């Protein structure tokens, strides 16, 4: 699984977060997506990598601009995750 962290310009309220989240859920196969207009970011968890150009295009259609995308492996962190090391 992968985690993508997007810095997004233009989100100013909870409705903006909903627009971005809904667009990502409709156009891509994701496990989880959360946005924060205060941080100016969206975090996506997916089984496999998402094409960054398609992601930028989908979000720009909603009127927001993707400034940066950071991709990293995702490891679920639970209460007993410290035992796995």
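The values are calculated or read from the model by the stated rules, or taken from the named source; none is laboratory data. Fair warning: this is a prediction, and the values are worked out from it, not measured in the lab. Cβ coordinates were reconstructed from backbone atoms using ideal geometry, including for glycine residues, and neighbour counts include every protein chain displayed.
Listed by position, the strands (runs of 3 or more DSSP E) contained in the chain that have at least 3 residues being touching a strand residue (DSSP E or B) at 6+ places or on another chain (Cβ under 6 Å) and touching a residue at least 40 places away in the same chain (Cβ under 8 Å) are 2-9, 41-46, 65-73.
Every residue, every condition in (1) surrounded by 13 or more Cβ atoms within 10 Å (Cβ to Cβ); (2) within 12 Å of the chain's Cα centre (by Cα); (3) at pLDDT below 95, yes or no:
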| residue | (1), (2), (3) |
| --- | --- |
| 26 | no, no, no |
| 37 | yes, no, no |
| 42 | yes, yes, no |
| 62 | yes, no, yes |
| 77 | no, no, yes |
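Evaluated against (1) surrounded by 13 or more Cβ atoms within 10 Å (Cβ to Cβ); (2) within 12 Å of the chain's Cα centre (by Cα), residue 11 falls short on exactly one condition, (2).
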